[in-house]
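Chemist: Pasting a structure here, questions to come.
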Amino acid sequence: MKLKSFGKRLLSVTLAAVMALSLTACGEDYPVAGEDYILAARAAYIELDSARVEVINDDTGESEQIFIYKYDEKGLMTYSYYAVSGDTVLAQYNNGYEQYTEENGVVTYLDTGDASFSSYSKDVPYPLADEGLIVFYKKAVNTETSYIATNELAVEVCHYYDISKLSGVDTADNMTGFKVLYYFDADGNLLFLREVTEVTADDGTITEYSYSIYITEQNEITTVPNFVDVSKLQAEDESGEEV
């Protein structure tokens with residue numbers, strides 16, 4: 001499954017899936033506002049044994065992506081993913097041995113005997129379970145406009161990105177702005193992050209797409225639900241025809 005197929009405006013998905021490794025460029029020697037908070041949040045995230053990730057469209061208030069995962073005692077991942085984008089609805093369930101995928105009502109099945117099957121683990125994490133979910137690409141952050149604001153209750157960090165320095169990111173050609181806001185509690189725990197993408201049309205019209213990412217139920221998932229309607233696959237097998 002290629003998450004980036006859900007549209008370039010969903011940069012949260014594109015960056016997490018395509019840039020999970022490359023968005024770790026944080027070795028430069030100059031300071032960036034709130035860097036310590038972000039790095040700590042990334043380190044804490046990859047130590048989780050289970051969690052629920054939800055991507056919410058800030059304009060509609062609706063959840064457009066849900067990712068729930070859990071590692072077993074051997075570190076093997078079971079995950080369930082659900083996404084809606086326009087007329088496309090996708091669900092996928094993978095327990096390390098079998099994978100069910102449903103796209104617009106059509107269900108397909110893979111297992112370990114299929115060459116295209118992939119399993120994930122603590123050592124080989126699924127992109128949305130890796131630190132790249134919490135976006136931080138230091139060399140592309142505009143240090144002059146980015147900031148950190150704190151009070152006794154919370155911390156807000158805002159990073160404005162230089163689009164020209166997002167090397168290797170599969171972004172839309174008309175993307176003209178990107179910023180990430182991170183919100184932490186007084187103890188430095190990440191509450192959520194918000195990714196805002198600016199797109200400029202050929203006629204000069206500017207549109208902003210804003211998505212908030214929440215990581216909840218941390219280490220509390222006992223069973224990963226299957227968002228795929230497996231009965232459709234069973235019905236197809238019985239009839240010999242596509243449902």
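Chemist: Could you give the dipole magnitude of the stretch 175-225 about its Cα centre, charging the beta-carbon of Lys and Arg +1 and that of Asp and Glu -1, in debye to the nearest 20? Present the calculation step by step, with values, prior to reporting the outcome.
Modeler: Numbers: 2 positive and 9 negative charges, 13 e Å.
Using Cβ point charges on Lys, Arg, Asp and Glu, the stretch 175-225 gives about 60 debye.
Chemist: Among 173-179, 145-151, what's the highest-first ranking by average C-beta atoms within 10 angstrom per residue?
Modeler: On the way: 173-179: 15.4, 145-151: 13.3.
Highest mean packing first, the order is 173-179, 145-151.
Chemist: Only Cα pairs under 8 Å and at least 6 apart count here; give the relative contact order of the stretch 37-192 as a rounded whole percent. Let's see the in-between values first.
Modeler: On the way: 257 pairs, mean separation 23.4, N = 156.
It rounds to 15 percent for the stretch 37-192.
Chemist: Further, regarding this structure: Spelling out what I want: for every residue of the stretch 60-74, take phi, set θ = phi - 60°, compute 6.51 cos²θ - 1.76 cosθ + 1.60 (Karplus), and round to whole Hz; glycine and proline get x.
Modeler: 9, x, 9, 7, 9, 8, 9, 9, 10, 9, 7, 9, 8, 5, 9
Chemist: Rolling a 1.4 Å sphere over the protein heavy atoms, what is the accessible area per residue of the stretch 28-86, to the nearest Å²? Show your work: numbers first, answer last.
Modeler: Values: 2700 Å² over 59 residues.
Using a 1.4 Å probe on heavy atoms only, each residue of the stretch 28-86 averages 46 Å².
Chemist: Taking amide H positions as placed 1.01 Å from N in the peptide plane, with prolines and chain starts having none, which residues 5 or more places from VAL89, or on another chain, fall under 5 Å of its amide H?
Modeler: Residues meeting the criterion, in which the H sits 1.01 Å from N, are ASN104.
Chemist: Could you name the aspartates and glutamates in cross-link range of LYS70, using Cα to Cα under 12 Å and dropping any fewer than eight places away on the same chain?
Modeler: GLU47, ASP49, GLU217, GLU220
Chemist: Run the accessible area of the stretch 180-230 with a 1.4 Å probe and give the carbon-and-sulfur part as a rounded percent.
Modeler: After summing per-atom areas, the C and S share lands at 44 percent.
Chemist: Shifting gears a bit: With the cut-off at 1.5 for a/c, could you classify the stretch 94-217 from its C-alpha gyration tensor as rounded, prolate or oblate? Each step should come with its number before you reach the end.
Modeler: Numbers: a/c = 2.31, a/b = 1.46, b/c = 1.58.
Since a/c reaches 1.5 but b/c is at least a/b, the shape of the stretch 94-217 is classed as oblate.
Chemist: With +1 on each Lys and Arg Cβ and -1 on each Asp and Glu Cβ, and nothing else charged, work out how big the dipole of the stretch 81-228 is about its Cα centre, in Debye to the nearest 20. If you can, show how the numbers build up before the last one.
Modeler: Working: 6 positive and 24 negative charges, 71 e Å.
So the magnitude is around 340 debye.
Chemist: Rounded, prolate or oblate: which one fits the stretch 145-231, using the alpha carbon gyration tensor with axes a ≥ b ≥ c (rounded when a/c is under 1.5, else prolate when a/b beats b/c, else oblate)?
Modeler: Values: a/c = 2.67, a/b = 1.21, b/c = 2.22.
It comes out oblate by the Cα gyration axes.
Chemist: Quick one: with all protein chains in place, what share of the accessible area of the stretch 48-178 is carbon or sulfur, to the nearest percent (1.4 Å probe)?
Modeler: Values: 2700 of 6100 Å².
After summing per-atom areas, the C and S share lands at 44 percent.
The values are calculated or read from the model by the stated rules, or taken from the named source; none is laboratory data. Everything quoted here is computed from the prediction, not taken from an experiment. Note that each Cβ is placed from the backbone with ideal geometry, even for glycine, and that neighbours are counted across all protein chains shown. In case anyone asks, the SASA skips ligands and DNA or RNA and just uses the protein heavy atoms, side chains included. Shrake-Rupley method; radii C 1.70, N 1.55, O 1.52, S 1.80 Å.
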